[in-house]
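These notes concern the structure reproduced below.
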Amino acid sequence: MSKAIGILYVVSAPSGAGKTSLCKELVRIDPTLSHSISHTTRKPRAGEVHGEHYYFVTQDEFREMAAAGGFVEWAEVHGNSYGTSKAELQRLFGLGRDVIVDIDTQGAMQVKKYWPGAVLIFILPPSMEELERRLRGRETDDDETIRKRVGNAKGEIRYLKEYRYVVVNDDFSEALGELGAVVAAERAAVERLDKTWLMDNFGI
Ligand code: 5GP
């Protein structure tokens with residue numbers, strides 16, 4: 001079936017909720033869905049690759065892009081800047097894909113305002129205790145960073161009511177299934193049907 005324009009899925013969660021792994025797996029099993037690569041001023045973690053996980057840029061480069069209107073949205077998260085570039089979305093929609101952006105709540109609110117068709121999905125951990133346990137388990141951040149992230153998580157969860165869907169990531173494969181179901185449901189929305197396709201095939 002044909003649809004007019006690509007769908008933008010916005011996925012947010014406190015760090016440690018499993019959002020990155022869920023999005024990565026979803027994109028791996030669905031070739032028509034692509035993950036938008038953000039720009040960030042954060043330093044790469046071990047194993048992170050420029051152009052694959054993020055476009056790692058300097059503060060000056062980021063500021064210049066923002067001033068030139070190069071971002072659809074951007075925000076300061078945990079002391080670093082992160083942004084979704086217009087060029088990245090154009091590239092992926094140009095390939096005919098639906099796109100997932102994995103961004104914080106501030107960025108999601110900007111997208112919601114300017115992109116009414118965007119589908120906002122929030123991923124919750126089963127509890128705050130489990131969130132902290134997962135953050136400590138990943139051993140990539142120091143104590144102070146973990147405390148900062150746990151502190152920020154509550155503030156982020158307060159935005160939940162601004163989102164359309166929620167997925168609780170207790171069991172990974174169950175959560176993945178629910179996320180896939182949300183993606184499929186939105187693709188089947190009547191309001192997204194290509195009007196030309198309807199006219200050509202059914203005369204309505
Ligand atoms: P991390 O440093 O752990 O990769 O990401 C920290 C936070 O920044 C996560 O909540 C992530 O979703 C968010 N983030 C990543 N890319 C973007 C972006 O392009 N825009 C915004 N607003 N947030 C982002």
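The values are calculated or read from the model by the stated rules, or taken from the named source; none is laboratory data. All of these numbers come straight from a predicted model, not from anything done at the bench. Glycine also receives a Cβ, built like all others from the backbone with ideal geometry; neighbour counts cover every protein chain displayed. The protein model used for the area step is the full one, side chains on, heavy atoms only, and it has no ligands, DNA or RNA in it. Shrake-Rupley method; radii C 1.70, N 1.55, O 1.52, S 1.80 Å.
Were the residues from Lys113 through Ala184 laid out at 0.36 nm apart, the gain over their Cα-Cα distance would be 23.2 nm. Applying 1/(1 + (r/R0)^6) with r as the Cβ-Cβ distance of Leu193 and Leu95 and R0 = 25 angstrom yields a FRET efficiency of 0.75. Annotation: peptides 152-161, 191-200, ranked by per-residue average of other Cβ atoms within 10 Å with the highest first, follow the order 152-161, 191-200. Our note on the geometry: Cα centres of the stretch 7-76 and the stretch 77-116, 8 Å apart.
Roll a 1.4 angstrom probe over the protein heavy atoms and tell me the percent of accessible area of the chain that is carbon or sulfur. Walk me through the numbers on the way to the answer.
Numbers: 6030 of 11220 Å².
For the chain, the apolar C and S fraction of the accessible surface comes to 54 percent.
Taking 20 Å as the cut-off, the amide N atoms of the stretch 10-49 that come nearer than this to a point 7 Å along the Cα-to-beta-carbon line of Asp60 belong to 39-44. A simple count of charges around Ser81, restricted to other residues whose Cβ falls under 14 Å of its Cβ and scoring Lys, Arg +1 and Asp, Glu -1, yields -3. Between Glu139 and Phe202, the modelled labels are 5.6 nm apart [label points 7 Å from Cα along Cα→Cβ]. Peptides 69-75, 44-50, ordered by how many other C-beta atoms sit within 10 Å of their residues on average, highest first, read 69-75, 44-50. In this Cβ point-charge picture (+1 for Lys and Arg, -1 for Asp and Glu), the stretch 116-204 has a dipole of about 300 debye about its Cα centre.
Please work out the average accessible area per residue across the chain, using the 1.4 Å probe convention, and give it in Å².
Working: 11220 Å² over 204 residues.
Dividing the accessible area of the chain by its residue count gives 55 Å².
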